[in-house]
Amino acid sequence: MLPTDDRARTDWPAPTSHPDGGPGVDLLVMTLDATDPEINTRLAPLLDDEERARAARFHFDRDRRTYIAAHALVRSVLAVRTGIAPARLRFTAGARGKPELAAGQMPVLPDGRPALRFNLSHTREAVAVAVSTDPACAAVDLGVDIEAADRLGDYDARIARSFFAEDEAAALEALPTAAERARRFLTLWTLKEAVIKTTGQGLSQKLSGFSIRFPAAWPADGLLPDIEARDPAPPPGLAWHLTHQELPPADGRGGLHLAGALLAPVRQPRPRWRLHRVTPAMLPRLHPQAAG
């Protein structure tokens, strides 16, 4: 769970520092309203020409809406952090295939390493972006995953045994009710997805190669899950930090599971995960001063 003082806020996140020196990561979640007839026309101008052309090729409007909203959110977040107009941002593939800002647009640290990290996730009901420009973690990497609370339906022990580590599958089986097993299954799934999105290895990284551990009193405010990474182990000098949040329904729609993962230097204090709920109507108003 996110710490109590890091829960949803209405202000748009700008880069901040923390008195304890801990790195800061912003998690931005935007719920999509399928009944909003203007969401596509409102957000499409934030995309570039190639993205708008790709959006037009989607057969189903719900898929087009999700694609436009996801790319509009990540471009808006990065426009606030860089001062570059959303539609003028350019992306390139990093060393492991993850999107990065192109050279000349990516802020850099004094030693030349990237000073901004971000990751995007979406489901049909919502989109999420994780971003950090904190020097304590911007030079490494992070991942985010968001899923609808009913994404995987009923708990299936065969799926757990196929995809999860043995200790995780056993812990799931030990839970007393089917509802608890289904809920914990989706919690594990989002956390594991956030981890493999952080490493950039995708499905080539075995989900059974690492275990997610939960404190005894989980879930409770201030408690964060931990990870035992065996395959692969974290690079020397880096440590895993995880967060998970169950978000309540917004505007009558279903709940969400949100997970974030960060690889940060071992010497740094625990990161501050800051959750922000935003709306499509907010995005075009966020960056009037961004350069054209």
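Worth pointing out:
- Answer residue from the range 145-167, given it is of a type in the set (G, A, S) and surrounded by fewer than 16 Cβ atoms within 10 Å (Cβ to Cβ) and is modelled with the highest pLDDT among those: S162
- Of the residues making up the range 122-144, those that are of a type in the set (A, V, I, L, M) and either open to solvent by less than 20 Å² (accessible area, probe 1.4 Å) or part of a strand (DSSP E or B) (or both) are A126, V127, A128, V129, A130, V131, A136, A138, L142, V144.
- Qualifying positions in the range 205-239 - surrounded by 13 or more Cβ atoms within 10 Å (Cβ to Cβ), touching a residue at least 40 places away in the same chain (Cβ under 8 Å), over 16 Å from L172 (Cβ atoms) and not hydrophobic (A, V, I, L, M, F, W, C): G209
- Tabulated pairs, the range 149-163, first among the hydroxyl-bearing types (S, T, Y), second modelled with pLDDT of 85 or more, C-beta under 7 angstrom, 6+ apart or interchain: Y155/A178; Y155/R181; Y155/A182; Y155/F185
- Residues of the range 65-114 classified as in a loop (DSSP other than H, G, I, E, B) and more than 18 Å from the chain's Cα centre (by Cα), total: 16
- Remark: pairs (first residue in the range 260-281, over 16 Å from T133 (Cα atoms) and among the hydroxyl-bearing types (S, T, Y); second residue in a strand (DSSP E or B) and open to solvent by less than 70 Å² (accessible area, probe 1.4 Å); Cβ separation under 8 Å; 6+ apart in sequence or on different chains) = T279/M30; T279/T31.
- Any pair with Cβ under 7 angstrom, 6 or more apart, that starts in the range 95-124 at a residue that is small (G, A, S) and ends at one that is outside any strand (DSSP E or B): G97/G200; A102/R90; A115/P107; A115/L109; A115/T133; A115/P135; A115/A138
The values are calculated or read from the model by the stated rules, or taken from the named source; none is laboratory data. Computed from a prediction, not measured in an experiment: that's the story for all the values here. Every residue, glycine as well, gets a Cβ built from its backbone with ideal geometry; the counts of neighbours run over all protein chains shown. To get the accessible areas, we keep the full protein, side chains included, count just its heavy atoms, and leave off ligands, DNA and RNA. Shrake-Rupley method; radii C 1.70, N 1.55, O 1.52, S 1.80 Å.
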